[in-house]
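These notes concern the structure reproduced below.
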Amino acid sequence: MKGYMHSITIEDDLCKGCTHCVRNCPTEAIRVVDGKARILPIRCIDCGECIRVCPYKARGVIFDHISSIPERDNVVVLIPPVFYLHFDTPPAFATVNKFIKSLGFKAAYDMSLIFESYPKLLHLHMDKAGKKKGFIPPVCPSVLRLLTVSFPNLLSNVAMFDSPWEISAGLFKKKDNKIKVALLTTCPAQITSIKFPLGIDSSRLDYAIPMNHFYHLARRYFEKTPSGDLSEGIIACCGEWFSEAIPEKDILSLCSINRIKDALHEEEIKHNLSPDIIELWACDYGCAGGILNALSPVVLMQYFRRARKSPKTLVSDERREELINDFNIGLFDLKKQITERPVLKLDEEMEVSLRKFEQLEHILDTLPGIDCGACGAPTCRAFAEDVVLGWSYITDCIFVLKDKLKKLAEEVADLSRLGPSPQRFK
C-alpha cells in the first residue's frame, strides 16, 4: 500500500471508532482497528466524505498555511469561481487582487476566465479525439480516483485533457517557469492532485490553500467593498456546468459520489455509455458542495442563483484565440494514460490469488452477512478480504467469536461430565 499520498488525516485523540466514516466511505477505504479509524491508502480517493460525516471532527486535511509559503512575492494565487459565491455581494476582482497582494503574494488570477472558455476547449478536444459518446471531463479529481479504484473499464472514456486549474497554472508557467502557483481549493482531492497527479508527471501547481481558511481572512476585508461583474464561468459551480455551457450535446450530469457509483454500475452492466458527455461531481452541487468551502452548499447555491442572473462574458476574442492556439499545439493534453489501482488483486501470482479467492468465498459463507460493521470493516465481504489478506482475524467478527465461545463452553461442559463422580469423595 506504499506509493499513495493522501491529504486526509485522522486525529486519534478525537476518533471514537464509531464507524460513521467506515459505513459512508464510497471505496471501503476505512477500517476501525483497536478502536481507531485507519485509512487504506490504496483505496482512498480523498473525496472527503469521511470528513463530512464524522460527528467528532476527527478528520483533518494536510494543506499549505499561508504563513508557511516561502517567497510569496513570487506566488500567484488562482481564484476559482466558487470563491465569489461566499459573499452576498461578490467583490470586484480588482479588490480581490489588492487583498491577495496585501498578504504578500505577487498577484491573484481570476479562474473564471478559464472556466468560461473550458467547455469550448473540451468541445474542440472531443472533435479532435473523434470519440462521439461517453466523454468524461477530468474536472473532479475525486471522480477520477473513483474510476481508478472502482470503474477501471471507464478510464478510456476520460478526456485526455487538463483540468481548469492545471491550465491556469500552465499559462503562468509558460510565460515564466520560475513563478509559483497556489490554488484556493474546496476539495482534499485537489490538494492530493498537486502531490500525486493523474495523467501528468508533475503538477504545475505548487501550493494549495483551503477555501475556508482563506475566507476567514478575507470576509471582513470584502464586507464593504463594491461588487464586480461575474463571468459566465460562474456556472461551473452548480454541478451542471457542461449541460448549460454546451446545450447542443447530450449530457448526463450527476452529483454525489454515491449517486455516481449507482449510475456507473448501471452503465457498466449495459456496456453502453450513450450520452455524449458524462459530467460527474463527487459533491452535491459540484464545487459549491466542496467540503473545504467556508459556507454550506445551501447558502452558496442561493448566492449562485442570485449571481447568475446577470453574468457577463469577460473573455476577449483575443484571449480566447490565444487559448485555442495553445490547445492546437497540445499544451493542455494529458501526457500519461490514467491507470487503475490494483485494489481488487488478492495476490500478484494468479494461482495464489485464485486460492485466496476460494478462501474468501469460504469465509464469507461463515459470516452472518448483515454488514453490521462491528468488526471495523464496512461489509462482511470487505471483512473476508481483510482476513484473507492478513489484516484481520476471523474472530474479529463478534458473531463468529460468539459461536466459537459457545462451542468452547459446550466442550468444557462435556469434559466436566467425563470426570469422577462426586460420590467418590464421600
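Bear in mind these aren't lab numbers, they're just calculated from the coordinates by the rules spelled out. If you're wondering where the values come from, they're calculated on a predicted model, not measured in any experiment. A quick note on method: Cβ atoms are made from the backbone with ideal geometry, for glycine too, and the neighbour counts reach across all protein chains shown.
A few remarks follow.
- The angle between the Cα long axis of helix 164-175 and the main principal axis of the chain comes to about 50°, on a 0 to 90 degree scale.
- In this simple spin-label approximation, Asp262 and Glu223 carry label points 7 Å from Cα along the Cα→Cβ vector, and these lie 4.3 nm apart.
- In Hz, Karplus ³J(HN,Hα) per residue of segment 67-84 (6.51, -1.76, 1.60; θ = phi - 60°; x = Gly, Pro): 5, 8, 7, x, 6, 4, 5, 10, 10, 9, 9, 7, 9, x, x, 5, 4, 5
- Cross-link reach is defined here as a Cα-Cα straight distance under 15 Å, omitting same-chain residues fewer than 8 places apart; for Lys128 the aspartates and glutamates meeting it are Asp162, Asp276, Asp326, Asp333.
- Rounded, prolate or oblate (a/c below 1.5 giving rounded, otherwise prolate when a/b exceeds b/c) for segment 291-378 by Cα gyration tensor: oblate
- Val352 paired with Arg52, simple spin-label distance in nm, labels 7 Å along Cα-to-beta-carbon: 3.8 nm
- Summed over qualifying helices (DSSP H, 4 residues or more, each -39500 (n - 2.57)) and divided by its residue number, the chain shows a 222 nm mean residue ellipticity of -12000 deg cm²/dmol.
- In loop segments of segment 313-369 as defined by DSSP, the GluC sites (Glu not before Pro) with at most 15 further C-beta atoms inside 10 Å of their C-beta are Glu340, Glu348, Glu349.
- For segment 1-149, the C-alpha radius of gyration divided by 2.2 N^0.38 Å, with N the number of residues, is 1.34.
- Inter-site label distance for Thr339 and Arg306 at 7 Å from Cα along Cβ, in nm: 5.0 nm
- For segment 291-302, Karplus couplings with θ = phi - 60° (6.51, -1.76, 1.60), whole Hz, Gly/Pro x: 5, 9, 5, 7, 10, 6, x, 4, 5, 4, 6, 5
- From phi via Karplus (6.51, -1.76, 1.60), per-residue ³J(HN,Hα) for segment 236-244 in Hz, x at Gly/Pro: 5, 7, 8, x, 10, 4, 6, 4, 8
- Counted over the chain, the DSSP beta bridges are approximately 30% antiparallel.
- Above 13 Å, the calculated P(r) of segment 1-61 contains 55 percent of its Cα-Cα pairs.
- Each of Lys178, Lys356, Lys404 has some number of other Cβ atoms within 10 Å of its Cβ, and from fewest to most they run Lys178, Lys404, Lys356.
- Paired Rg and Dmax values of the chain, which use every Cα atom, in angstrom: 25.9, 111
- Annotation: the residues Glu279, Glu266, sorted from fewest to most other C-beta atoms within 10 Å of their own C-beta, follow the order Glu266, Glu279.
- Seen against the Cα atoms of the chain and their longest principal axis, helix 93-102 is set at about 70 degrees.
- Residues whose amide H comes within less than 5 Å of that of Thr185, counting only those at least five positions distant or on another chain, are Ile209, Met211 (H built at 1.01 Å from N in the peptide plane).
- Counting every other Cβ atom within 10 Å of each residue's Cβ, Cys372, Cys21 order from fewest to most as Cys372, Cys21.
- log10 of Debye I(q)/I(0), alpha-carbon scatterers only, for segment 346-421 at 0.19, 0.21, 0.27 Å⁻¹: -0.78, -0.88, -1.18
- Helix axis angle, 398-417 relative to the chain longest principal axis, alpha carbon, degrees: 10 degrees
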